Every structure is written in structure tokens, then in C-alpha cells.
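The block underneath contains the structure these notes are about, expressed in C-alpha cells.
Laboratory data are not the source of any read-out in this text; all were calculated from the coordinates shown. Everything numeric in this text was worked out from a predicted model, so none of it was measured.
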């Protein structure tokens, strides 16, 4: 997402090769990232290694002012794929996400569009991002009933202060053997080690982005950020590395997505693979933030004061 935005083309090139040297082989993109510029830069960078990397893109959010320039209708998805293929300079996209659930398009119609794209060779696998568990499960059921190609992966938001995915999405993905590639492991920078109860941002995304303000508003998130920062320092890790490692340590997670604006920032994120958290260590970090209630909202299910496990 930073390509062509926070990172200009020269910096994007440095970041790309730094990733490749570290063994990274998946690059996540979308048609709305920097109004298509991210795809254009990525397309240039993968020319000499296309068969060595997994490329993803997405469609749903507005790419124009027209009424059909958004959503998961067949009209929009087909146009979006063609545009992404052109910008990425490739004949196929390996993993193609519907970027958000479309309230106005039938799931069956969305799946039929993705099935057509798979069978035509324009995408290899369909996937979904920002879907609720029931929406994914319904899509899987419709795909099976109609013999359509089903989504193989989900991309939810997941980090230490946003743990709702643990309630239904991650168990659902495990039960259906879906890939899980979560985004925002640092909580928009909240878990980068710079912030705490008295250390509030004065500039940057958490201030400038109304979306992130709404997502991470409230004093409690800074309390979690400070306690997490202290634990990371106590254990001798950079908070960025530990935050990403914590996301990656969940058994349902395939791989967290990381991003950076500069090579030094990326290096810290890449160091997360050097941290191998034990279940006990993961639990200690998890205890720093409130666990979301179970799907039934019966909090006693997490205690010994329940009707008993089967």
C-alpha cells in the first residue's frame, strides 16, 4: 500500500528488493492503493521474477465517481480485474480478494464472477477481505452447492488491540482450512513502541486519518500500547517485531502482512520471523489486552464456572 504513497518509486524499489533478499514471496496490493499507482510500481518490479512471487489484488472500493465504479457486481469485478492486470503487467493474479462484503450484490453472483475469472485464467484463487465469519461461511456453502470455485483465504484485521477475529473468523478459517493473511498487525502504528498513556501522537496516521481515529479511539488502546511496549523491552525485542510475531503465532494465521515507508522500518518488521513465541509467551502478551467475549456473549465459557466442556 505504501508503494507510490509514503514510499516513492525509488524507495519502493529498495523495499521490494529488501523483501526479496529476506525471502518474502507474497506482495499484497489492491486497485485502490494510491489510485492504482501501487499496482503500477509493483508490476514494474515483478517483471524479472513473476513466477517466483505470489501477487494479490482486490476490488470493491470506489475507483471512480460512477455508480458502477464500486462493489462486487460482475460489471465492476470484471472491469477491476482487467485494470489490475494491465497495471501489474501480468496475465494473471494469484490471489484475488473481494475487498469488502457487498450488501447490494447477491453472494452467488459474486462467486459466479470469481468462478468465471478462475476458469478464464485471469485469477488463480479467489479470496475475501473484511468479511464476517457468517458471510464467509455462507459463501462457502453456496459455492459447494453450485459447484463454483470457493474462496481459499481471508484477510481480516488482527492485532493486539483488535482481537475480534479470534471469536469466529479464525476458528471458522481453521475449520474450513482457509488461509489467513491478516493486515494491520501494528494497529496503525499504535503498537510500534512510540505511544503510551502519556505518549500520544501529535502527527502521523493516527492523527491525520479519520478512519484510524475511529478505529483506534479511546484511552484504553494507549494503555495496552504502553504495557505491550514495556513487555517488549523487558524481553529484549523491538515492539514492532514482537507485535507482528504475536499475530503470526496464532495457529490459524498463515502469514501477517507487513508494510513500511523506509528500509530501516522494514528491517524491524522482517525481524519478526526471528521471534518464536511459545504458547505461554503468547498468552502473556494476550493478557495485556481485553479478550473479546465469546460469540454467545457468555463470558463464563472462558472460566471454570460453566456447564462444562464436552
Query raised in the report: Kirkwood hydrodynamic radius (Cα pairs, Å) of the range 85-205?
Result: 16.1 Å
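Is the shape of the range 1-58 best called rounded, prolate or oblate, per the rule: a/c under 1.5 gives rounded, else a/b larger than b/c gives prolate, else oblate, with a ≥ b ≥ c the square roots of the Cα gyration tensor eigenvalues?
Since a/c reaches 1.5 but b/c is at least a/b, the shape of the range 1-58 is classed as oblate.
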Report task. Taking each pair of different alpha-carbon atoms in the range 1-155 once, compute 1/r for the pair, average those values, and report the inverse of that mean as the Kirkwood hydrodynamic radius in Å to one decimal. Result -> 15.8 Å
Query - Per residue Cα convex hull volume in Å³ - calculated over the chain - result: 151 Å³
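Per DSSP helix of 4 or more residues, -39500 (n - 2.57); summed, then divided by the residues of the chain. What does that give at 222 nm, rounded to the nearest 500?
One gets -12000 deg cm²/dmol as the mean residue ellipticity at 222 nm.
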Query - Kirkwood estimate for the range 213-310, i.e. one over the average of 1/r between Cα atoms, Å - result: 15.6 Å
